[in-house]
Amino acid sequence: MNIIEVKDYQAMSEKASLYVIDKVREAPFINLGLATGGTPIGLYKLLVEDYRKNHTSYKNVTTFNLDEYVGLSGNHPNSYRYFMNEKLFNHIGIKKINTFIPNGAADDILNECNMYEQLINQKGGIDLQILGIGSNGHIGFNEPGTKFDSRTHIVDLAPSTREANARFFNTPNEVPTKAITMGISTIMKSKEILLLISGESKSDALHRLLHDGVCESFPASVLKNHPKVTIIADEAALRKKLTLTSCC
Ligand code: GLP
């Protein structure tokens, strides 16, 4: 894993945006894997700014998002589809039909998971996957204990994840209890991975990622088995020493 150290959230977002813009310019038909949450918001803002200023073209880009809440349709303001439209897709000239996110309101969620996995494969797989990390080491919504050979599947969200994401909802009770997520093996099939980590709340997770072994109780640790991972981490995320008990 290649680590790029930066000062703060803004510097992380800038570095990540330059990284992504370069890739899109080099490979206009790129398949990008995208993440939600607070971490990539700065990156998306800068991609939009670049599109306005420099007209980087997304007209041939295809995107696959990591995950979606079960029970929320794409029109729901807390759905990840809504988030992506608002933060990125509505502003960069991408064709909406080329932006894929699992449908959390599908009648048959199991079928939706299988179709999503197939779709990624049919489109040639993900070239560059952007990831954030949960403080418990989750990637996508793959909570601790998820099998490394998992494909797109339905998950029960950990209480800590629901709590962390409650800030985006009116009340904590509104946070869905289930989600669809790309599996760990889906993520690992990406040709390249860019992991963004910012802030003190992620410092234990980053420390554990860098210093512990690979085990399913800490999902992000699987990234050590991937041949091409770049981490962009800020000082606050890199500062703190490990306080969690290691299991690996
Ligand atoms: C969320 C998302 C993940 C994200 C992580 C961290 O629940 N499902 O894809 O990377 O948790 O979120 P944040 O960036 O808000 O800290």
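The values are calculated or read from the model by the stated rules, or taken from the named source; none is laboratory data. For clarity, every value in this text was computed on a predicted model and none was experimentally measured. Note that we place each Cβ from the backbone using ideal geometry, even for glycine, and neighbour counts take in every protein chain shown. Quick note on the areas: whole protein, heavy atoms, side chains included, nothing else; ligands and nucleic acids left out. Shrake-Rupley method; radii C 1.70, N 1.55, O 1.52, S 1.80 Å.
Descriptive notes on the structure:
- Filtered residue count, segment 170-191, keeping only those that are within 17 Å of M115 (Cα to Cα) and not β-branched (V, I, T): 5
- Meets criteria (at pLDDT below 95 and either within 14 Å of the ligand (Cβ to nearest atom) or farther than 29 Å from L210 by Cβ (or both)) for T161: yes
- Pairs linking a residue in segment 87-99 that is without any contact (Cβ under 8 Å) to a residue 40 or more places away in the chain and surrounded by 16 or more Cβ atoms within 10 Å (Cβ to Cβ) to a residue that is not in a helix (DSSP H, G or I) and not aromatic (F, W, Y), with Cβ atoms under 6 Å and 6 or more positions apart or on different chains, are F89/T99; I94/V61; N98/T62; T99/T63.
- Pairing each residue of segment 133-150 that is under 20 Å from D234 (Cβ atoms) and assigned to a loop (DSSP other than H, G, I, E, B) with any residue that is aliphatic (A, V, I, L, M) and open to solvent by 10 Å² or more (accessible area, probe 1.4 Å), provided the two are 6+ apart or on different chains, yields C-beta distances under 7 Å for G134/A164; S135/A164; N136/A158.
- When L47 is tested against (1) in contact with a strand residue (DSSP E or B) (Cβ under 6 Å, 6 or more places away or on another chain); (2) at pLDDT 95 or above, exactly one condition is not met: (1).
- Some residue of segment 178-193 being within 20 Å of F83 (Cα to Cα), of a type in the set (D, E) and more than 12 Å from the ligand (Cβ to nearest atom): no
- L244, sole failed condition from (1) modelled with pLDDT of 95 or more; (2) within 19 Å of T161 (Cα to Cα): (1)
Residue by residue, here is whether (1) more than 13 Å from the ligand (Cβ to nearest atom); (2) farther than 30 Å from F29 by Cα; (3) open to solvent by less than 10 Å² (accessible area, probe 1.4 Å); (4) out of contact with any strand residue (DSSP E or B) (no Cβ under 7 Å at 6 or more places or on another chain) holds:
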site: L131; (1), (2), (3), (4): no, no, yes, no
site: T146; (1), (2), (3), (4): no, yes, no, yes
site: N165; (1), (2), (3), (4): no, yes, no, yes
site: F168; (1), (2), (3), (4): no, yes, no, yes
site: E174; (1), (2), (3), (4): yes, yes, no, yes
site: E216; (1), (2), (3), (4): yes, yes, no, yes
site: H226; (1), (2), (3), (4): yes, no, no, no
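- Yes/no for F141 being surrounded by fewer than 17 Cβ atoms within 10 Å (Cβ to Cβ) and not polar (S, T, N, Q): no
- Tally, over segment 151-163, of residues that are surrounded by fewer than 19 Cβ atoms within 10 Å (Cβ to Cβ) and not in a loop (DSSP other than H, G, I, E, B): 6
- Pairs are defined by a Cβ separation below 7 Å, a sequence spacing of at least 6 or placement on different chains, a first member in segment 175-196 that is at pLDDT 95 or above, and a second member that is among the acidic types (D, E) and part of a loop (DSSP other than H, G, I, E, B); the pairs so defined are S185/D149; K191/D127; E192/D127.
- Residues in segment 193-224 that are over 18 Å from the mean Cα position of the chain (by Cα), of a type outside the set (D, E) and assigned to a helix (DSSP H, G or I): H207, R208, L210, H211.
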